[in-house]
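The values are calculated or read from the model by the stated rules, or taken from the named source; none is laboratory data. Being a predicted model, the structure only gives us computed values, none of them experimental. A quick note on method: Cβ atoms are made from the backbone with ideal geometry, for glycine too, and the neighbour counts reach across all protein chains shown. The protein model used for the area step is the full one, side chains on, heavy atoms only, and it has no ligands, DNA or RNA in it. Shrake-Rupley method; radii C 1.70, N 1.55, O 1.52, S 1.80 Å.
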Amino acid sequence: MKNILVIGATGQIGSELTMKLRSIYGNDHVVAGYIHGAEPKGELLESGPAEVCDVTDRPAIDAVVKKYNIDTIYNLAALLSVVAENKPILAWKIGIDGLWNILEIARENHCAVFTPSSIGSFGPETPRDKTPQDTVQRPRTIYGVSKVTTELLSDWYYNKYGVDTRSVRFPGLISNVTPPGGGTTDYAVDIYYAAVKGQEFICPIAEGTYMDMMYMPDALNACVQLMEADPTRLAHRNGFNIASMSFEPGEIFRAIQKYKPDFKMHYQVDALKQSIASSWPNSLDDTAARYEWDWQPTYDLDSMTVDMLEKLAARL
Ligand code: AKB
């Protein structure tokens with residue numbers, strides 16, 4: 001049985017991933033790592049162990065790893081793209097100095113590490129459609145710079161020290177549980193909240209701007225499946241492209257309108273978000289992930305929309 005530490009367990013991915021991992025590996029085998037001000041609550045708190053784990057505090061995390069005999073770390077600590085652009089030093093401190101801490105702890109304690117990369121690791125010179133697995137990565141955002149560094153540093157720890165590092169490049173993630181905070185793709189979550197609350201949606205991203213997106217259940221499966229994958233099949237390690245759907249604002253709006261005919265949207269483009277979105281690919285080619293660890297998404301825009309509207313309506 002694995003002993004797992006999730007760092008960032010109360011965030012958008014972490015809150016759901018921790019519960020999924022507990023359902024697979026057992027409640028006592030998955031530690032929810034959080035920072036002060038983002039304490040776990042409810043089921044997340046009650047179902048298993050929780051510890052303060054600030055990525056900038058190496059000794060504290062090392063002590064948690066030793067206390068629970070951790071062998072696998074999901075390192076989800078990061079600032080999303082828009083916030084990072086406004087707080088670049090903090091973004092680097094968490095994303096890269098924090099990653100060094102985790103990788104060093106992993107090297108000393110023989111842990112495997114999952115640290116997400118993103119579609120944000122690409123830039124305007126990258127081929128835009130069906131972006132290949134191995135291609136130009138010259139991002140224009142500090143978020144992207146830190147994600148490319150994450151991929152390279154994680155590969156380096158694998159090649160130099162044999163640390164079992166693995167990761168995917170997440171698209172925009174859409175979920176009905178914990179809202180994202182400060183990403184470029186957040187509009188694709190916010191639009192569902194507006195639809196369910198009966199409000200008009202003001203879209204910050206321009207019509208015609210395509211980005212890859214994914215429903216959270218598929219994203220969670222990707223994390224677990226990659227960490228369970230047979231290492232002899234992995235020609236790549238850090239930064240697998242994964243994809244399930246790509247759409248522009250008009251398409252998600254019409255997908256929702258099919259079930260909420262009175263729903264309305266108008267555009268009020270946010271300059272920073274739009275400049276980031278325009279520098280990212282339209283869609284990724286995920287052939288390598290499909291071939292090397294059998295990646296396969298289950299949701300498309302319509303099935304995700306049905307589920308999002310149903311779950312949010314029940315909760316709101
Ligand atoms: C963001 O928009 O910053 C994130 C991402 C695509 O990495 N959701």
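Among residues of region 135-146 being surrounded by fewer than 23 Cβ atoms within 10 Å (Cβ to Cβ) and in contact (Cβ under 8 Å) with a residue 40 or more places away in the chain, the one that is nearest to the chain's Cα centre (by Cα) is I142. Looking only at region 226-254, residues that are part of a helix (DSSP H, G or I), under 21 Å from D129 (Cα atoms) and open to solvent by 20 Å² or more (accessible area, probe 1.4 Å) come to 1 in all.
Exactly one residue out of P261, P217 is modelled with pLDDT of 95 or more, more than 30 Å from R290 (Cα to Cα), open to solvent by 10 Å² or more (accessible area, probe 1.4 Å) and not in a strand (DSSP E or B): that is P261. Within region 250-261, residues that are more than 17 Å from I174 (Cα to Cα) have Cβ atoms under 9 Å from residues that are open to solvent by less than 100 Å² (accessible area, probe 1.4 Å) and in a loop (DSSP other than H, G, I, E, B) in these pairs: Q257/F263; K260/G198, counting only partners at least 6 apart in sequence or on another chain. For the residues L45, L99, L5, the requirement of being open to solvent by less than 30 Å² (accessible area, probe 1.4 Å) and in a helix (DSSP H, G or I) singles out L99. The C-beta contact set for region 106-124 (first residue farther than 19 Å from W156 by Cβ, second residue assigned to a loop (DSSP other than H, G, I, E, B) and more than 16 Å from the ligand (Cβ to nearest atom), distance under 7 angstrom, 6+ apart or interchain) comprises G123/R138.
Screening A63, A32 for residues that are farther than 22 Å from E151 by Cβ, outside any loop (DSSP other than H, G, I, E, B) and over 19 Å from the mean Cα position of the chain (by Cα) leaves exactly one candidate, A63. Each residue in region 290-302 was checked for being touching a residue at least 40 places away in the same chain (Cβ under 8 Å), open to solvent by 30 Å² or more (accessible area, probe 1.4 Å) and either charged (D, E, K, R) or part of a helix (DSSP H, G or I) (or both), and 4 pass.
Selection of region 54-76 for residues being open to solvent by less than 40 Å² (accessible area, probe 1.4 Å) and not β-branched (V, I, T) yields A60, D62, Y74, N75, L76. It is to be established whether one or more residues within region 174-184 are within 14 Å of the ligand (Cβ to nearest atom) and part of a strand (DSSP E or B). Yes, region 174-184 contains at least one residue that is within 14 Å of the ligand (Cβ to nearest atom) and part of a strand (DSSP E or B).
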